[in-house]
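Trainee: Structure in structure tokens, see below.
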Amino acid sequence: MTQAVRAAEQLTDGNWHRLHPATPLLKGGIALLAIAGAIIANLREALIESFFGGPREEDPVSLLYRNGLLGWALLIALAFVLLFVLGFYVSWRMHEFRVTEDVVEVRSGILFRTHRKGRLDRVQGINIMRPLVPRLFGAAKLEVNVAEQNANVQLSYLRSRDADALRRRILGLASGKRSEALVEGGDAATARAVPGAGAGEGLPPVHPGDSGPAAARLIEERAREFLAPELDPDAAPPESVVTIPLGRLAGSIALSGFTIVLALVLFVGVPIVVATGAYWVLLPVLPGLVGSVGFYVNRIVKSLRFSIAGTPDGIRVGYGLLSTSNDTLPPGRIHAVEVLQPLLWRSTGWWTIRITRASNSSTPGAAGQANTTLLPVGTKEDVTRVLGLVLPEFVGETSTALLLTGILGRGEDGDGFVNAPRRGRVLRPFSWRRTGFAMDSNALLLRSGAVWRHLVIVPHARLQSIALRQGPLERRLGVNRIQAHTVVGPVDTELGIVDRETSVRLFEDLAVSAATSGRIDRSHRWAAAAEPEVEVESERESERESERGPLLEDSTVVEREDVR
């Protein structure tokens, strides 16, 4: 059993544990060191100027030195430093966490105590962040995303070599496995999933007072962590891994809206200013132009080594060069998926994928975008592979053809989608041909947009309610708007200009499918023993006949009470 697996077992034994010893320094001590460095720098200048007899500026340190109060000031500063160090130490001692088979808990605080608890059956994902400075200390931050607003549980910081094994252990408990079941095969699986797991074993023992082997081992361990690939090759099947080449990443940024605005400022705005002589206009613009360089560098550096892969614990999204982050999404935690193609990407055939989740990490995603952006830029083949990881029950031979029609189709008859009626072109003159929907036994597909192409996929099991609306103009045209409600997120799940009679049938079918899929869904405990299979299609058909009712004239909503 590797050292990481043993540590993960100990940290999930239900007892309270403390965080990494360097946590106080990483969370506040670095700022204290910066302040101390500034004071020492001013003191050094004052001593040098006094020794060589040069002119001294009247700064606070020089004033104290001239009045003979520098010694007392240093004693007071030392007392404050000791007080801060003591406070950091006590804060670290009072900051504890524990993981049981049902919850993960964190309690902290000296004068004002806080106690945060997250249920494992509501875990939406686990993110491991390794900022540059904590990586130098061999530390990482683990954040458990729970399905509520501001309900995430953070463990800042853990030993980096233990973070991946602990995440795997927590996800195993969240899947419905018991602790004893996680031990079988966990050693080999974690060794494959954790880069360098067990690599520290077998090194020469460290003797007290002998700092040579300890220093060499520490340097070797840090170097191994920095040079290890973001995704270990044995952690996921190669055919499931999706990466972003550097050229495509740079091209997507160059074809972004920010680049277009910047080009207009440089090649149109600046010549106009020079020609008119109104140079004062450049004063508020220059800081933005300088900051744009940092914007591009930051987006590229954060997106390097980007990868999406299917692992036994769920979908793993990793990225970063100096500061790294990887997020694991368990099965069934994605409520809606949107495949989007901006106008400028039309010629390159690139797409981006956004998702709606019940909870999000506090750390920005790749390319500086929101962490709801699952794939910043990818080809048609990348989109198909990622959707196969996100919605494996949906992507099949028939559904893949429907998916390609959804993202590339122009709204022809017989393409598998129920398209908007021609009379709806008054409401959407450019995109009415591509406005339509399709539905199978697992998901609802909504297609829209002619300039910016959109395809939204909503799994039936994630539907929370369905709404059917009709305004005055829509009533006149005989069309409705239908919306599949999920948790709040960036994906818009409303579809306009649906034929009125067609929308009523879709409304009724979705109401039955949502209720049926919700009853048989077991994704909250995906590894638990499955219950006897249900004849889904026959049950849906019988419920369609019994549950259909009259449609309200302006708005009708069916809601599910069970919301995960």
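Trainee: Compute the separation of the alpha-carbon centres of segment 275-339 and segment 452-506 and state it in Å as a whole number.
Mentor: 31 Å
Trainee: Right, another one. To make sure I understand the rule: partners must be lysines, Cα under 30 Å from the Cα of LYS141, and not fewer than 8 residues away in the same chain. Which ones qualify?
Mentor: Those lysines meeting the cut-off are LYS27, LYS117, LYS177, LYS302.
Trainee: Which of the peptides 498-504, 284-290 is most tightly packed, and how do the rest follow, judged by the mean count of other Cβ atoms within 10 Å per residue?
Mentor: Averaged packing, sorted descending, gives the order 498-504, 284-290.
Trainee: In addition: For the pair GLU105/VAL81, report the inter-label distance in nm, with labels modelled 7 Å from Cα in the Cβ direction.
Mentor: According to this spin-label approximation, the distance is 3.9 nm.
Trainee: Right, something else. Any idea what the alpha-carbon Rg over 2.2 N^0.38 Å comes to for segment 245-303?
Mentor: Details: Rg = 13.8 Å, N = 59, 2.2 N^0.38 = 10.4 Å.
Ratio of Rg to 2.2 N^0.38 Å for segment 245-303: 1.33.
Trainee: Which length gain, in nm to one decimal place, applies between ALA223 and VAL297 when the Cα-Cα distance is subtracted from 0.36 nm times their residue separation? Don't skip to the end; give the middle numbers.
Mentor: Numbers: separation 74, 0.36 × 74 = 26.64 nm, distance 2.40 nm.
Roughly 24.2 nm would be gained on extension.
All of the numbers you see were taken from the coordinates with simple rules; none came from a lab. None of the values given here were measured: they were computed from a predicted structure. Here the Cβ is made from the backbone with ideal geometry for all residues, glycine too, and neighbour counts use every protein chain on show.
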